[in-house]
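Everything on this sheet refers to the single structure shown next.
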Amino acid sequence: MSRGILTPQRWALALLSAALLAACGQEPAPTAAPEAASSAKLSADAIRAKVANVDEAAIVAADPSNWLTHGRTYDEQRHSPLAQINADNVGELGLAWYWDTGTTRGLEATPIVVDGVMFTTGTWSTVFAHDARTGELLWKYDPEVPREWGVYACCDVVNRGVAAWKGRIYVGTLDGRLVALDAGTGQPDWSVQTTPKDRPYTITGAPRVVDGKVIIGNGGSEYGVRGFITAYDADTGDQAWRFYTVPGNPDDPIEGEHLKAAMSSWRGGEWWKVGGGGTVWDSMAYDPDLNLLYIGVGNGAPWNRHIRSPGGGDNLYLSSIVAINPDDGSLVWHYQTTPGDSWDYTATQHMILTELEVKGERRKVIMQAPKNGFFYVLDRETGEFLSAEAYVPITWASHVDPETGRPVENPGAAYAEKPALTMPAPYGGHNWHPMTYSPSTNLVYIPALDLPFMYGQDNAFRYNPATWNTGVEFALTIPPDSITEEVALRAMVKGHLAAWDPVAQREVWRVQHSGSWNGGLLSTSGDLLFQGRADGMFAAYQASTGALLWETPVHTGIIAAPVTWAVDGEQYVTVVAGWGGAFGVASGIPAQDGNVIRGGRILTYKLGATGTLPTPPMPEALPTPPPMTASADTVDQGELLYHQNCSVCHGGGAVSSGVLPDLRYMSEQTHQIFQGIVLGGAYKEKGMVSFSHVLDSDGAEAIHAYLIKRGHDAMEERRLLAEQSQSDSAPAGG
């Protein structure tokens with residue numbers, strides 16, 4: 001089997017195979033922190049009364065004691081004026097309380113805090129309400145998402161949080177519903193199916209509420225859907241408007257003037273059969289003075305524009321920042337960051353509103369660091385391009401033309417003729433993890449990724465609604481055979497925290513992290529910057545210099561962004577910890593020292609607190625794999641099939657990050673019933689559906705043979721690591 005050009009970056013990062021979501025373990029019961037102080041439980045009426053005061057005026061007023069919307073304020077700056085905790089005393093932070101979520105998948109939510117009540121989400125779109133001072137669980141809502149729907153979640157069964165408005169809490173569910181909950185009880189007031197059930201749509205993003213309308217997007221481009229965003233009446237759930245981001249079938253009526261303008265930018269092919277893509281799966285921002293709602297639009301379906309739109313064209317409004325009139329859902333302006341995107345370079349990443357001095361003039365701007373690697377500053381009134389510079393290494397384009405605002409692509413970057421090693425990877429220079437902007441330092445802080453990827457055209461592409469539809473040949477990215485090289489390559493996967501000057505368009509300082517896929521960010525007026533990391537540490541840095549001031553272990557990787565709030569005169573900082581998401585599930589990066597638990601946690605800190613976390617459990621003994629009896633050809637075939645169907649969830653090279661089972665260490669029983677699991681759906685209720693629609697018995701057995709080989713590889717890897725450890729600890733000779 002040809003392995004193409006093997007590079008460390010290709011092995012470490014090219015793990016987005018055409019795959020379905022796979023098995024998850026049973027989830028333990030939640031456990032409240034024993035350190036939490038006891039108090040009288042808040043009544044449903046009291047909770048409801050607090051949330052009844054959340055409306056547009058309250059969000060605009062932005063009381064620093066609360067965190068009322070996803071980015072704290074409509075401008076999505078994620079900056080808090082609170083400064084009781086500051087650079088001088090942050091070393092005195094201690095654990096006030098923690099709460100185990102009872103989940104073992106990625107946690108990405110930003111908590112909403114309303115007058116001492118915290119609302120957040122877990123996996124499978126579950127909603128939790130807590131007493132923010134003590135961590136006491138007030139209520140829990142489980143939307144009972146069918147576990148088999150998880151096969152359509154490209155990037156883990158995550159949820160990024162809720163919205164609060166006039167006595168209700170709103171959540172989007174993985175299977176496409178928008179649910180309005182009574183804030184006092186967690187009981188549904190109304191529910192609406194926002195997506196067609198005959199297409200593989202998902203919802204992972206947090207809703208926003210603008211002028212009494214709940215705004216919600218969706219995901220699913222990889223599987224083949226058409227993007228749109230919808231507004232619903234917050235009181236009744238009635239649809240107010242829907243904005244489609246890409247044209248549908250040209251033979252059908254066109255839904256909006258903006259799509260008439262876009263139609264000529266899609267040329268050739270039948271993109272509407274795959275869907276076209278353009279899902280609005282994460283970021284939004286709102287300017288109440290301009291009455292503009294800003295949305296970020298995602299990648300095409302399929303990714304590869306030479307298959308999606310073989311006649312060329314920009315393919316509006318893929319990979320674009322779009323300004324919408326929230327009254328009627330009409331287009332006001334748009335700016336496309338990656339015309340004709342072929343690399344999964346979404347513009348769904350965090351957008352921030354502020355005012356900057358640009359060429360001597362004060363401008364109202366919108367800023368974004370999308371996947372494509374350029375940091376953009378636009379006039380948010382008109383969409384006028386102001387500036388863009390690379391914030392990570394880029395190979396697909398040389399620069400953005402200052403006159404046209406269009407990127408200048410490098411020859412061969414589109415990979416239609418031959419594979420191209422490209423930066424950034426489909427994970428992007430920056431993914432969904434929120435940035436922050438500090439008015440105190442005038443800097444934007446970016447949780448950046450520095451990851452390449454080998455793109456190659458899939459010339460045998462055929463649309464299959466049961467799998468990923470990218471038009472990219474993922475067989476180019478299969479890991480190398482060498483175990484020693486594999487050990488070395490994993491150490492090369494990195495990420496960093498960048499402080500970015502949006503006026504000068506340059507990096508001011510950087511904190512290099514030991515691993516990739518680190519958490520979102522929070523800045524405060526205490527000259528602090530908070531971030532959770534992939535290595536299981538929660539940290540505070542000085543916002544002005546990047547100096548590490550404080551860190552504490554939480555024993556699981558953190559990808560969500562922290563929030564800060566205050567009650568009874570005390571400032572608190574909260575972060576949701578739980579390793580997962582696209583890279584966390586697929587990367588196969590092993591847990592770092594002390595980063596050993598699979599369960600999720602909500603953790604809250606304040607000055608002088610003395611709570612402690614339980615001692616992490618010792619790792620379980622690893623089983624010995626069965627003898628290797630299959631031929632080398634069968635193992636090679638199994639390797640290819642594994643990376644086509646399994647690696648997004650169980651990791652490249654079958655090296656799991658611990659979010660889902662590491663298939664190198666299957667139990668004897670699992671080996672015995674392997675066919676029943678993979679083809680018969682024996683673990684369907686755990687989320688591992690049958691793959692009989694894409695695999696036959698011989699294919700499943702080939703994958704099994706490959707996994708047995710990888711089990712033996714892991715034994716050899718552990719032996720080499722043990723020898724290296726002994727060598728490192730041996731006294732020097734002389």
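Please treat every number below as a calculation from the coordinates, not as lab data. It should be emphasised that the depicted structure is a prediction, and the values quoted were computed from it without experimental measurement. Neighbour counts are summed over all protein chains in view; Cβ atoms, including those assigned to glycine, are modelled from backbone coordinates with ideal geometry.
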What FRET efficiency comes out for residue 92 versus residue 514 if R0 is 25 angstrom and r is the Cβ-Cβ distance? Round to the nearest 0.05. 0.45
Show me the ranking of peptides 689-701, 214-226 by mean Cβ neighbours inside 10 Å, starting with the highest. 214-226, 689-701
Among DSSP bridges having both ends in the range 332-422, what percentage is antiparallel? Round to the nearest 5. 100 percent
Extreme residue, positive dipole direction of the range 47-176, given options 119, 85, 73 (C-beta unit charges): 119
Rounded, prolate or oblate for the chain? Axes are the square roots of the Cα gyration tensor eigenvalues, ordered a ≥ b ≥ c, and the cut-off for rounded is a/c under 1.5. rounded
With the label point 7 Å along the Cα-to-beta-carbon line of residue 45 and a cut-off under 16 Å to each amide N, the hits in the range 169-194 are 183-185
With each label point set 7 Å from Cα along the Cα-Cβ vector, what nm distance links residue 60 and residue 462? 5.7 nm
Please label the shape of the range 507-608 as rounded, prolate or oblate, based on the square roots a ≥ b ≥ c of the eigenvalues of the alpha-carbon gyration tensor (a/c under 1.5 means rounded; beyond that, a/b larger than b/c means prolate, else oblate). oblate
Relative contact order for the chain using alpha-carbon pairs under 8 Å, separation at least 6, rounded to a whole percent? 16 percent
Net dipole in debye of the range 46-195 [+1 Lys, Arg Cβ; -1 Asp, Glu Cβ; about Cα centre; nearest 20]: 180 debye
Hey, what number do you get for the chain at 222 nm if only DSSP H runs of n ≥ 4 count, each worth -39500 (n - 2.57), divided across all residues, to the nearest 500? -4000 deg cm²/dmol
Which order, highest average first, do 666-675, 344-353, 194-203, 53-62 follow once you tally other Cβ atoms within 10 Å for each residue and take the mean per peptide? 344-353, 194-203, 53-62, 666-675
Once you sort the root eigenvalues of the Cα gyration tensor of the range 57-102 as a ≥ b ≥ c, which label holds: rounded (a/c under 1.5), prolate (a/b larger than b/c) or oblate (the other case)? oblate
When DSSP assigns beta bridges and you keep just the ones with both residues in the chain, what percent turn out antiparallel, to the nearest 5? 100 percent
Sort 115-124, 132-141 by packing, meaning the average of other beta carbons within 10 Å per residue, with the highest value first. 115-124, 132-141
